[in-house]
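Report on one structure; see the data block that follows.
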Amino acid sequence: MTICARGSMKVPEGDMFDLDLILPAKTLGISRLSTTPGDLSLALALNTNDKATAFAGSIFSLAVLSGYDTAFERQRAICPEGNLYLVSSQIAYHQPGLSDLAARSRITKDFAPTKKANWKIHISVEVVDTLNNVLCATFEGLYVLQVEPRNPDNPGGL
């Protein structure tokens, strides 16, 4: 699969997306469970609602970042250039989160070209309560890789 017009540069193995670059991840206490892309955790203590369960917005943020982390690692494997964006998503909440949460993501449709000369990838995420291993939420995200730099004279277009 060729995505990069100028070819791809080598990315050192083991380099993962730096979660500290995303302010909400830092604030919400999102961290890595393992070196597997998309395996993230969320501390319940920092993310409770008025019912003492995990706040839905925090669950959504965990799922988005898990999906982004997986898409980012896939992007780096095939084309380290470009900008990655979440363009649409859907989440279903199944059970309240009663303890720390774990998110695991997987690619459901690999990068494919779009009509606007970008590339899209579909990611699925499951968020699980770590205390009793109950599924709390499922997330589907469509991430787009924009490989052409934006025109500084036209910020809204290419």
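All of the numbers you see were taken from the coordinates with simple rules; none came from a lab. Because the structure is a prediction, the values reported are computed rather than measured. We place every Cβ from the backbone using ideal geometry, glycine too, and count neighbours over all the protein chains shown.
Most tightly packed first, judged by the mean number of other beta-carbon atoms within 10 Å of their residues, the peptides 69-78, 16-25, 91-100 read 69-78, 91-100, 16-25.
Residue by residue, the stretch 105-118 carries 3J(HN,Hα) couplings of 10, 8, 7, 9, 9, 6, 3, 9, x, 9, 5, 9, 6, 9 Hz when phi is fed to the Karplus relation 6.51 cos²θ - 1.76 cosθ + 1.60 (θ = phi - 60°); x denotes Gly or Pro. Spread over its residues, the convex hull of the C-alpha atoms of the stretch 27-80 is 69 Å³ per residue.
Between the beta carbons of Asp110 and Glu140, assuming R0 = 22 Å, the FRET efficiency works out to 0.90 to the nearest 0.05.
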